[in-house]
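As structure tokens, the structure follows; a few thoughts come after it.
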Amino acid sequence: MSKVIITCAVTGAIHTPSMSEHLPITPQQIAEQSIAAAEAGASIIHLHARDPIDGRPTPDPAVFMQFLPVIKQSTDAVINITTGGGLGMSLDERLAAPLLAKPEMCSLNMGSMNFNIAPSAARVKAFKHDWEKPYLEGTTNYIFRNTFQDIEQVVERLGKGHGTRFEFECYDVGHLYNLAHMLDRKVVEPPLFTQTIFGILGGIGAEHRNLMFMKETADRLFGDAYVWSVLAAGRHQMPFVTMAAMMGGNVRVGLEDSLWIGKGKAATSNAEQVSKIRRILEDLSMEVATPAEARAMLKLKG
Ligand code: KMH
Ligand code: ZN
């Protein structure tokens with residue numbers, strides 16, 4: 001059995017500061033939590049940036065540059081920068097930081113979709129900042145735009161230009177077919193690090209039969225040309241990634257995807273989630289991949 005790559009998605013753009021006091025916001029908090037997550041066993045760190053004052057997701061490369069070098073200096077982890085950005089950002093805004101930082105890896109979202117924050121994430125009644133209101137009420141009314149041309153543009157500008165490789169974000173079964181289409185046309189190259197995503201409103205639901213179905217479909221479409229990873233939103237996070245690892249997959253955890261560590265218990269850090277999945281994997285006799293092993297498995301530029 002090959003080793004399991006743990007990705008940690010540290011802050012994201014979905015959760016808001018009022019949902020958890022532990023969500024890292026400032027560059028210093030993002031750097032500290034990323035370093036701790038890497039020390040706990042994450043070999044890939046997936047990163048978004050936030051406005052240090054009000055926690056709103058920001059595409060500003062200057063903010064990214066306040067934490068990226070710190071993480072790079074202190075860990076050997078693979079840096080993975082979002083190209084999904086946050087609600088309402090244009091593609092040019094989403095690409096600004098990746099184009100400047102030229103990371104080994106970026107996310108690449110494989111289709112357009114409705115994107116509202118699920119009201120279940122929003123048990124919070126009082127919020128600190130006005131911008132959070134639609135997030136907490138589930139009324140963002142947002143289309144997450146990733147057309148075929150957008151996808152090709154990301155590959156063209158980052159992949160071909162800078163040797164960046166991708167975490168292909170597949171929120172539904174059609175996104176796997178979109179990825180297969182890009183593979184057929186040689187827009188993307190194997191091994192395809194394919195992140196199948198469960199339980200995001202607008203995407204495929206977090207049901208175990210869907211996990212099997214997505215894997216079976218990816219196996220059929222890609223054969224040995226892909227490396228499978230799984231993330232699931234909210235309370236589904238740990239059960240889904242555990243099941244995926246038992247089926248030979250890799251795992252993504254982190255406060256971007258879930259603010260929880262157990263039933264009714266808020267996670268106090270990203271490292272806490274990484275340590276938990278690491279413990280589960282090792283208890284089940286699985287081995288966790290080092291950053292060097294992850295680089296080899298995914299053919300990253302290093
Ligand atoms: N928010 C996650 C479900 C991105 O950053 O491009 C997927 C994600 C997208 O991480
Ligand atoms: Zn992300």
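Derivation of every value follows stated rules applied to the coordinates shown; laboratory data play no part. As the structure is a computational prediction, the values presented were derived from the model and not from experiment. Here the Cβ is made from the backbone with ideal geometry for all residues, glycine too, and neighbour counts use every protein chain on show.
Residue separation of Gln28 and Lys186 scaled by 0.36 nm, minus their Cα-Cα distance, works out to 52.9 nm of gained length. Each residue of segment 64-79 is assigned a 3J(HN,Hα), and the resulting list reads 3, 6, 7, 10, 4, x, 5, 5, 4, 5, 9, 9, 9, 5, 6, 8 Hz, derived from the Karplus form 6.51 cos²θ - 1.76 cosθ + 1.60 (θ = phi - 60°), x at Gly and Pro.
Listed by chain and number, the lysines placed with their C-alpha closer than 21 angstrom to that of Lys128 amount to none; residues fewer than eight positions away on the same chain are left out.
So for segment 22-82, considering every pair of alpha-carbon atoms, how many percent are separated by more than 17 Å? Within segment 22-82, distances greater than 17 Å cover 30 percent of Cα pairs.
List the relative contact order of the chain as a percent without decimals, with contacts defined as Cα pairs under 8 Å and 6+ residues apart.
About 23 percent, as a whole number.
Between Glu93 and Glu152, the modelled label-to-label distance comes to 2.6 nm, taking each label 7 Å out from Cα in the direction of the beta carbon.
Each Lys and Arg Cβ is given +1 and each Asp and Glu Cβ -1; about its Cα centre, segment 210-302 then shows a dipole of about 200 debye. Positive end of the dipole of the chain (Cβ unit charges, origin at the Cα centre): among Gln273, Thr194, Leu47, the Cα lying farthest that way belongs to Gln273. Counting only aspartates and glutamates at least 8 places from Lys72 when in the same chain, those with an alpha carbon closer than 16 Å to its own are Glu32, Glu39, Glu104. In this structure, the amide hydrogen of Val4, modeled 1.01 Å from its nitrogen in the peptide plane, lies closer than 5 angstrom to those of Glu287, Val288, Ala289, counting only residues at least 5 positions away or on a different chain. Modelling each spin label as a point 7 Å along the Cα-to-Cβ direction, I'd like the Glu39/Asp76 distance in nm, to one decimal. Each label point lies 7 Å from its Cα, and together they span 1.7 nm. Annotation: amide H-H contacts under 5 Å for Val188 (H modelled 1.01 Å from N, sequence separation of 5 or more, or interchain): Leu183. What residues of segment 230-256 lie in the reach of a label at Thr268, counting those whose backbone N is under 17 Å from a point 7 Å from the Cα along Cα→Cβ? Once the point is set 7 Å along Cα→Cβ of Thr268, 255 turn out to lie under 17 Å by backbone N, inside segment 230-256.
Centre-to-centre, using Cα atoms only, segment 43-103 and segment 140-178 are separated by 17 Å.
Between Ala126 and Thr140, what length in nm is gained on full extension when 0.36 nm per residue of separation is reduced by their alpha carbon distance?
3.3 nm
All C-alpha pair distances within the chain, sorted into 20 Å bins from zero, spread as 37, 61, 2 percent across the bins. Only the Cβ atoms of Lys and Arg (+1) and of Asp and Glu (-1) were treated as charged; on that basis the dipole of segment 6-298 about its Cα centre amounts to roughly 340 debye.
Partners of Lys186 within straight-line reach, counting lysines whose Cα lies under 23 Å from its Cα and excluding those fewer than 8 residues away in the same chain: Lys102, Lys160, Lys215, Lys299, Lys301. Give the residue from Ser112, Thr147, Ala218 lying farthest towards the positive end of the charge dipole for the chain; charges sit on Cβ (+1 for Lys and Arg, -1 for Asp and Glu) and the dipole is referred to the Cα centre. Positive-most Cα among the choices belongs to Ala218.
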